[in-house]
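S.K.: First the structure, then my questions, so here it is.
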């Protein structure tokens, strides 16, 4: 009987291709980078913590013998650091085939970066926006090159005002609200980027992959009580309603490698809940497809980061 679902076995041979995965030292990013390496790609782990990135690279080399795995320092909460990382990538590579914008996360407490950005918006959208813009020239003219955003179903619960990406400065900060808003921004950016690439006749496409409800350490900044309550060994409901990081990584991996993927595609778990399961081509929430909103956010992101594509 013909298999009806997409798995890691469907990843094609990637020898000769170079992939940059942000936040790849743990969780989803590690699972994505490891799978790419096991299928032949040269992988760059772009991470804030150099020691953890080096340890992750060693672990990948064990499961993917002979693979080329390197590290790149990348702190998305600092535009100066983002620019330095982009320069280093240019120094070390003449092209890249794949950029997976995976790094992100949320903070329990309100925090403003050195650039004056609310931190959750900075690491999930403004930092990746700037980094993508600064390295996109390395993908120009590369057949099959892709920019993949790791999405979250939480974007469906969000609204956003591009003129005010830090609405909590004067009132109570709620970290789920901030996270969902930032993930909506990521998708608005992805779709606007793809439209601009198509209009310019680029060979590069932009698309998104949703991991569903995956068990990762994305809540490591939460207090111990929340971390314990969300631990699958403590809470059987969490175990029943979620999936492993390796399975969650399949959505972004399909976006990154499926030969039939098209620019603007969105891959994630099937069904109404979209929490678990093998990835299918689906659709993100309606607000993410608002073209006017995409354009306004793009313009404001360029202004704030001083990065023009």
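The values are calculated or read from the model by the stated rules, or taken from the named source; none is laboratory data. All values derive from a computational prediction rather than experimental measurement. Methodologically, a virtual Cβ is constructed for each residue, glycine included, from the backbone with ideal geometry; neighbour enumeration extends over all protein chains shown.
S.K.: Looking for something buried (at least 17 other Cβ atoms within 10 Å of the Cβ), farther than 21 Å from residue 292 by Cα and more than 14 Å from the chain's Cα centre (by Cα) - is there at least one such residue anywhere in the range 185-196?
M.R.: no
S.K.: Sticking with this structure for a sec: In this structure, does residue 259 turn out to be at pLDDT 90 or above and either in contact with a strand residue (DSSP E or B) (Cβ under 8 Å, 6 or more places away or on another chain) or not in a loop (DSSP other than H, G, I, E, B) (or both)?
M.R.: Spelling it out, it is not the case that residue 259 is at pLDDT 90 or above and either in contact with a strand residue (DSSP E or B) (Cβ under 8 Å, 6 or more places away or on another chain) or not in a loop (DSSP other than H, G, I, E, B) (or both).
S.K.: Go through 83, 9, 48 for me and flag whichever is in contact with a helix residue (DSSP H, G or I) (Cβ under 8 Å, 6 or more places away or on another chain) and either free of Cβ contacts under 8 Å to residues at least 60 places away in the same chain or on the phi > 0 side of the Ramachandran plot (or both).
M.R.: 83
S.K.: In addition: Going through the range 86-113 one residue at a time, which ones are under 25 Å from residue 191 (Cβ atoms) and part of a helix (DSSP H, G or I)?
M.R.: Result: 86, 89.
S.K.: While we're here: Considering only residues of the range 146-179 that are part of a loop (DSSP other than H, G, I, E, B) and touching a residue at least 60 places away in the same chain (Cβ under 8 Å), which is surrounded by the most Cβ atoms within 10 Å (Cβ to Cβ)?
M.R.: 151
S.K.: How many residues are in a loop (DSSP other than H, G, I, E, B), touching a helix residue (DSSP H, G or I) at 6+ places or on another chain (Cβ under 9 Å) and within 13 Å of residue 69 (Cα to Cα) when one looks only at the range 12-40?
M.R.: Adding up the residues that qualify gives 4.
S.K.: Scan the range 262-280 for residues that are outside any strand (DSSP E or B) and modelled with pLDDT of 95 or more and jot them down.
M.R.: Selection gives 262, 263, 264, 265.
S.K.: On to the next question. In the range 114-141, which residues are within 27 Å of residue 169 (Cα to Cα), out of contact with any helix residue (DSSP H, G or I) (no Cβ under 6 Å at 6 or more places or on another chain) and outside any helix (DSSP H, G or I)?
M.R.: Hits for the range 114-141 are 114, 116, 118.
S.K.: Being in contact with a strand residue (DSSP E or B) (Cβ under 7 Å, 6 or more places away or on another chain) and surrounded by fewer than 20 Cβ atoms within 10 Å (Cβ to Cβ) is the filter here; which residues of the range 4-57 pass it?
M.R.: Once the filter is applied, which keeps residues that are in contact with a strand residue (DSSP E or B) (Cβ under 7 Å, 6 or more places away or on another chain) and surrounded by fewer than 20 Cβ atoms within 10 Å (Cβ to Cβ), the range 4-57 yields 50, 54.
S.K.: Looking at (1) within 21 Å of residue 121 (Cβ to Cβ); (2) part of a helix (DSSP H, G or I); (3) touching a residue at least 12 places away in the same chain (Cβ under 8 Å), which one does residue 56 not meet, given that it meets all the others?
M.R.: Residue 56 satisfies all of (1) within 21 Å of residue 121 (Cβ to Cβ); (2) part of a helix (DSSP H, G or I); (3) touching a residue at least 12 places away in the same chain (Cβ under 8 Å) except (1).
S.K.: Condition first: buried (at least 17 other Cβ atoms within 10 Å of the Cβ), touching a helix residue (DSSP H, G or I) at 6+ places or on another chain (Cβ under 7 Å), part of a loop (DSSP other than H, G, I, E, B) and modelled with pLDDT of 85 or more. Can you find one or more residues in the range 230-253 that meet it?
M.R.: Yes: one or more hits.
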